[in-house]
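Working notes, beginning with the structure itself.
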Amino acid sequence: MAKTKVAYFCQSCGFKSAKWLGKCPSCQQWNTFAEEVIEKQNTAIPNWKATSSSSQRANKPVQVSEISFAEEQRTLTPDNEFNRVLGGGIVAGSLVLIGGEPGIGKSTLMLQLALNMPALKVLYVSGEESDRQIKMRAERLAPIKLLNSNSAIDTPHSAIGSDCYILTETSTQNIFKQIEILEPDMVVIDSIQTLYSAHIESTPGSVSQVRECTAELLRFAKESGTPVFLIGHITKDGMIAGPKILEHMVDTVLQFEGDRHHVYRILRCIKNRFGSASELGIYEMMGEGLREVSNPSEILLSQRDEPLSGITISTTLEGLRPMLIETQALVSTSPYGTPQRTATGFDTKRMNMLLAVLEKRCGFKLGAKDVFLNITGGISVEDPAIDLGLAAAIISSHEDIPVPIKTCFAGEIGLSGEVRAVNRIEQRIAEAQKLGFEQIFISKYNLESGGQNKKRIDLTRFKIEVRTVGSIEEVLSALFG
Ligand code: TYD
Ligand code: MG
């Protein structure tokens, strides 16, 4: 009998080690190693064309100029947001990972897409739900065209999904067998964590299984030119072998996010070998499926029609991705001797610094006031670019004058009250514009070239009004007179 080989994998980042370790040398997490059995190839299990050329074929080096170049073949879907996030449609032979927390709507998004591709033969492989469950879900979903037009949705749904096949299967070998028979034009896998390959002994969802199944699907996608979509779950604590470890294997990584208790969902592109990685698509979860939100500012406007004092919108970066957040402040007279200072989602020391700058440089008497700061949505932000928005929120609450809606801020505040430049300003402005803002306050130092070979940013390409300021007083007099 063949000797079983084991290895230890970090469940958080996928680092492989021959022995158990307490701390992962790659991601520095403690106690994340788990033993997994890795079986060798000597059992004769059919693979995706295992005997085909792929393993033997040796590529020769080719001169760059000799490589024939053709635009990638792209297929447009009826879902415009999805096309945009992918960089202009589905690329033939691409492997796309769609990650997100359970229950956010990944299956809904992909099933809806699968049902709305009349020109393509789509295979939807589910390891999570039975075909009857999927049918029930499909019955609920309205055609994308109808969801996005204003007409009432009362047409029968039977017209859609005629060329969509459902397969409930978790073994990759069986999936490939069916694929060879059906020859689909597009494959959706729901989800990668439920698949298992007979080449590997460990349980479905473990790091080595997830990686092996993805590698097999990658080979299939590249050799057949069929686009493959993988759905992957991410959990907040990251203990389950998440799709994080797959990000470098696939061509495109999309993340579906949003609050399960709210109806809006954001589809973000994190990585894209075939287009820009800064695209995002916004959807609304309805009873009949996901509707595209083509005018994103409606999300912010629907929550707040009138401006309220103490609330501003700031731009922040999450990794490399720009994001707009609501920054709130409440300033009230302290009933006791010592005023209270509380910040949720923001550093208290930095808040005290901001208050001191506003007191000293702008003459606001904040010393005897209670000040509460809050970043909505329960996130915590370290980006100094939200300083300006917070300072405006504090003064707005102090003076009880609202900041106009559709205004946002991006700037760091220095100790002398100067508004300092922040990084990636163009992406922040672009995000604000995309979300429907009309003006953004930024530092004037962002316009000056920050170095020899840095080019000046071109404001003419933005439709949003960009107001450049040098000091906090300038912002406050522009806003509050
Ligand atoms: P689902 O796609 O199953 O999430 P995931 O695959 O990411 O785990 O979506 C789950 C939620 O979506 C569920 O709570 C019900 C809701 N939903 C709607 O609101 N409208 C719909 O048309 C559908 C199909 C689901
Ligand atoms: Mg699902």
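The values are calculated or read from the model by the stated rules, or taken from the named source; none is laboratory data. Predicted, not measured: the structure shown is a model, and the values here were computed from it. Virtual Cβ from ideal backbone geometry, glycine too; neighbours counted across all protein chains shown. For the accessible areas, the whole protein counts, side chains as well, though only heavy atoms, and no ligand, DNA or RNA atoms are used. Shrake-Rupley method; radii C 1.70, N 1.55, O 1.52, S 1.80 Å.
The table below lists the values:
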{"quantity": "Calculated FRET efficiency for the pair Ile67/Leu447, C-beta based, R₀ 45 Å, to 0.05", "calculated": "0.65"}
{"quantity": "Heavy-atom accessible area ranking, 1.4 Å probe, most first, across Tyr336, Tyr196, Tyr283", "calculated": "Tyr336, Tyr196, Tyr283"}
{"quantity": "Local electrostatic count at Glu438 - Lys and Arg +1, Asp and Glu -1, tallied over other residues with Cβ under 13 Å", "calculated": "+3"}
{"quantity": "Restraint check, Lys145/Lys222; Lys16/Lys106; Lys16/Lys271; Lys106/Lys135; Lys135/Lys434; Lys106/Lys406, Cα-Cα greater than 26 Å", "calculated": "Lys145/Lys222; Lys16/Lys106; Lys135/Lys434; Lys106/Lys406"}
{"quantity": "Separation of the Val6 and Gln178 label points, Cα + 7 Å toward Cβ, nm", "calculated": "3.4"}
{"quantity": "Computed over the range 1-40: relative contact order in percent, which uses C-alpha pairs under 8 Å that are six or more apart", "calculated": "46"}
{"quantity": "Ranking by accessible area, most exposed first, for Lys177, Lys434, Lys463 with a 1.4 Å probe", "calculated": "Lys463, Lys177, Lys434"}
{"quantity": "Label zone at Lys145 (point 7 Å along Cα-to-Cβ), backbone N below 16 Å, the range 82-119", "calculated": "113-119"}
{"quantity": "Cβ-Cβ FRET estimate between Glu288 and Thr75, R0 fixed at 22 Å, reported to 0.05", "calculated": "0.35"}
{"quantity": "Spin-label model distance (nm) - Lys60 vs Thr344, 7 Å beyond Cα toward Cβ", "calculated": "6.7"}
{"quantity": "Along each principal axis, Cα extent of the range 74-294, largest first, Å", "calculated": "52, 37, 31"}
{"quantity": "Residue-span extension gain [Glu223 to Glu306] - 0.36 nm each, minus C-alpha spacing", "calculated": "24.3 nm"}
{"quantity": "For the range 298-480, accessible area per residue (1.4 Å probe, heavy atoms of protein chains only), Å²", "calculated": "48"}
{"quantity": "Neighbourhood net charge (14 Å Cβ-Cβ; Lys/Arg +1, Asp/Glu -1) for Leu182", "calculated": "-3"}
{"quantity": "Added length on full extension, which subtracts the Cα-Cα distance from 0.36 nm per residue, Met353 to Met136", "calculated": "72.5 nm"}
{"quantity": "Fully extended contour minus Cα-Cα distance, from Ser26 to Asn423, at 0.36 nm per residue", "calculated": "140.2 nm"}
{"quantity": "Dipole in debye (nearest 20) - the range 74-294, about Cα centre, beta carbon charges: Lys, Arg +1; Asp, Glu -1", "calculated": "300"}
{"quantity": "Cα centroid separation, the range 363-437 to the range 252-285 (Å)", "calculated": "25"}
{"quantity": "FRET efficiency estimate (nearest 0.05) - Cβ-Cβ, Arg273 to Arg456, R0 25 angstrom", "calculated": "0.25"}
{"quantity": "Global form of the range 332-461, assessed from the alpha-carbon gyration tensor, a/c cut-off 1.5", "calculated": "prolate"}
{"quantity": "Spacing of the two label points (7 Å from each Cα toward its C-beta) at Lys16 and Tyr336, in nm", "calculated": "5.9"}
